[in-house]
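Only one structure is covered here, and it is reproduced in the block below.
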Amino acid sequence: MKIRLIISLFITLGILACASKPIHSVTIFVIEGRVYDRESNFPLNHVSVYFIDTGYDEVRSKKATPIEIGLSDSRGKIDLRFNYLWDRQKSAFYEPAIKTFDIVLSREAYETKKFHFKESELTTDRLAFLVNLEDVYLIRALK
């Protein structure tokens, strides 16, 4: 009886191990846009651009930790390439999470602006995903 139970346990663990496997992947993002002061329409330089995983990596997407990936230039232009390495378990028992992320723009003396994206809605050339922010207007923070 105990031997059957132990054998059944090992078979069950073997099936579970075969039904899920780790996936290690890199997703390439190209982030483009321009950042302006809302009141003056002047371009804003040194605006920090952050990436927040909300649905790629099983561990990091739960923590939602911002990763600084670059700054806007002197003309307010954002033109960044970001290679994001992430891990996930592929399993036959549950649906994979939807691949989502946030892009956050932040500069001292301005209100932070956050954008949410789904990978499935982005344009791709099969190598990289284009994240087009277009023109973004930041509002001065109240003092």
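A compact table of results
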item	result
The range 65-86 residues that are touching a residue at least 60 places away in the same chain (Cβ under 8 Å), paired with ones that are acidic (Asp, Glu) (beta carbon under 6 Å, 6 or more apart)	Trp86/Asp57
Of residues in the range 36-50 being free of Cβ contacts under 8 Å to residues at least 60 places away in the same chain and not in a loop (DSSP other than H, G, I, E, B), the one nearest to the chain's Cα centre (by Cα)	Tyr50
Any pair with Cβ under 6 angstrom, 6 or more apart, that starts in the range 115-127 at a residue that is of a type in the set (A, V, I, L, M, F, W, C) and ends at one that is surrounded by 10 or more Cβ atoms within 10 Å (Cβ to Cβ)	Phe115/Ile103; Phe117/Phe101; Leu122/Phe129
Test: residue in the range 110-124 that is part of a loop (DSSP other than H, G, I, E, B) and within 25 Å of Pro22 (Cβ to Cβ)	yes
The range 55-92, subset buried (at least 18 other Cβ atoms within 10 Å of the Cβ), hydroxyl-bearing (Ser, Thr, Tyr) and at pLDDT below 95, residue nearest to Thr124 (Cα to Cα)	Tyr56
Of all residues making up the range 128-143, the number that are under 20 Å from Thr54 (Cα atoms) and free of Cβ contacts under 8 Å to residues at least 60 places away in the same chain	0
Any chance Ser61 is more than 30 Å from Glu39 (Cβ to Cβ) and either touching a Ser or Thr at 6+ places or on another chain (Cβ under 7 Å) or of a type in the set (Asp, Glu) (or both)	yes
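Listed here are the residues, each with its yes/no results for (1) modelled with pLDDT under 95; (2) among the small types (Gly, Ala, Ser); (3) surrounded by fewer than 16 Cβ atoms within 10 Å (Cβ to Cβ).
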position	(1), (2), (3)
Met1	yes, no, yes
Arg4	yes, no, yes
Leu16	yes, no, yes
His24	yes, no, yes
Ile28	no, no, yes
Tyr36	no, no, no
Tyr50	no, no, no
Lys99	yes, no, no
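The values are calculated or read from the model by the stated rules, or taken from the named source; none is laboratory data. Bear in mind that the values here come from a model prediction, so they are computed numbers and not experimental data. A quick note on method: Cβ atoms are made from the backbone with ideal geometry, for glycine too, and the neighbour counts reach across all protein chains shown.
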